[in-house]
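Working notes for the structure below.
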Amino acid sequence: MQLEKFNNRNVLVIGGAGYIGSVLVGKLMQAGAKVRVLDHLIYDNGYSLQHYFDEPNFSFINDDFCDGKVLNSALDGMTDVVLLASLVGDPICKRYPELAVKVNRDATHHLIDSMAEKGTERFTFASTCSNYGIHEGDALATETSDLNPQSIYAETKIAVETYILENAAKLPYSPTILRFATAYGFSPRMRFDLTVSHFASELAVGGSLDVYDPDTWRPYCHVRDLSKAIMTVLAEDKANVSGEVFNVGDTGQQFTKRMIVDEALKHIGEREVSYVSGDTDPRNYRVSFDKVAKQIDFTCDYSVERYVPSLINAVQNGVFTPSRSGNRYGNYEIPESIAKVAAG
């Protein structure tokens, strides 16, 4: 990645206070970019960016990108836009389906149209490998494999992907779709509601763990590697990324839930783990990451095997106190006022 390409770049990160965004923002500024974050802070997560507020290349807008006037102002002067904001994951989308459609699909369609009038040069859309849903057979899912969504979350992401690809040829900017593997890793906006961190932290404090459908597969990717992928796309020649879809992850970093538990137990010892079949989430897929490696020379630097013992150490030493109440360590609840607006 040629970091000098970020000099004189003005990057709008929508959802920049989130799990991935709060990592990406720092990396962009270190590379020389000026960064503006637009984030509604619906999880009360502004603390994740507090250490950037005295940086001269950082600015922040606490507002809703679903609001056309807010979005129009935020886009002023931006050369690049990264969209991370959405209701992420099936549980939160299932709980607030109207808001999921409004944010993940409708507001994103409006953003895609709005950038055409603002002089934007590049747009990176964070999608998900969950779009593959259930991928049968031994062959790994590629960017051209059939999509098989199993949730509202994946359905909204596919709707946006379709809109981008149908309009890519006539858009005056370069759009790129990144299908992220399931995220893990340390972040200023830490989350313990995602598989790797959830399992490892529960076992680290001696809690019992129920694991549903333990032999279903997922690919995993560290938040720093996901941020690196976004920056690689922003620095790449447009001809290599415009209108393209890339799976983002590492072929060697794909595990069943049982394998994640076993990795944690290596560093803890025996714990009470119950394996349960018949969960309501039937997703089961393994993914090929050959395209992103070959076309834009992207590789991952981090691994689950390296992360798990580090997280266990942090939790056991009181750095984190994971809890299932409140939103500090997860995307659990939306403020009632916001949910009512969407439903109305």
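Quick one: which residues, 5 or more positions from Y184 or on another chain, have an amide H under 5 Å from its amide H? H modelled 1.01 Å from N in the peptide plane, none for Pro or chain starts.
C221, H222, V223
Give the long-range amide H neighbours of Y275: residues separated by 5 or more places, or on another chain, with amide H under 5 Å away, using H modelled in the peptide plane at 1.01 Å from N.
Placed amide hydrogens put V211 under 5 Å from Y275.
Dividing the Cα radius of gyration by the Kirkwood radius, what Rg/Rh value follows for segment 1-111?
Result: Rg/Rh = 0.98.
K118: which lysines have alpha carbons under 19 Å from its alpha carbon, excluding same-chain residues fewer than 8 sequence positions away?
K34, K69, K170, K238
At a 10 Å Cβ-Cβ cut-off, how would you order K5, K170, fewest neighbours first?
K170, K5
Mind pulling the angle between the C-alpha long axis of helix 21-30 and the longest principal axis of the chain? Nearest 10 degrees, somewhere in 0 to 90.
On a 0 to 90 degree scale, this one is about 60.
Reachable lysines from K266, Cα under 28 Å, same-chain residues fewer than 8 places away excluded?
Counting by Cα, and skipping residues close in sequence, K266 has these lysines nearby: K257.
Given the peptides 62-75, 103-116, 215-228, 13-26, arrange them by the average over their residues of other C-beta atoms within 10 Å, most packed first.
Packing order, densest peptide first, comes out as 13-26, 215-228, 103-116, 62-75.
Using θ = phi - 60° and the Karplus form 6.51 cos²θ - 1.76 cosθ + 1.60, what ³J(HN,Hα) does each residue of segment 78-87 get, whole Hz, x for Gly and Pro?
8, 7, 9, 10, 10, 9, 10, 5, 5, 7
Between F53 and R258, 0.36 nm times their residue separation minus their Cα-Cα distance comes to what?
Going from the current span to full extension adds 69.6 nm.
When the Debye formula is applied to the Cα atoms of segment 215-344, each taken as the same point scatterer, what base-10 log of I(q)/I(0) results at q = 0.13, 0.22 Å⁻¹?
-0.83, -1.27
Would you work out the relative contact order for segment 191-313, in percent, from Cα pairs under 8 angstrom that are 6 or more residues apart?
Worked out over segment 191-313, it gives 44 percent.
Pairs of Cα atoms under 8 Å, at least six residues apart: use those to get the relative contact order of segment 76-152, whole percent.
Once divided by the residue count of segment 76-152, the mean separation gives 39 percent.
Restricting to the chain, compute how many DSSP beta bridges are antiparallel as a %, nearest 5.
If we restrict to bridges inside the chain, about 5 percent are antiparallel.
Per residue, how big is the convex hull of segment 103-198 when only Cα atoms are used? Give it in Å³.
With only Cα atoms used, segment 103-198 gives 134 Å³ per residue.
No value in this document is a laboratory result; all are computed from the given coordinates. Being a predicted model, the structure only gives us computed values, none of them experimental. Positions of Cβ are generated from backbone atoms using ideal geometry, with glycine treated the same way; all protein chains shown enter the neighbour counts.
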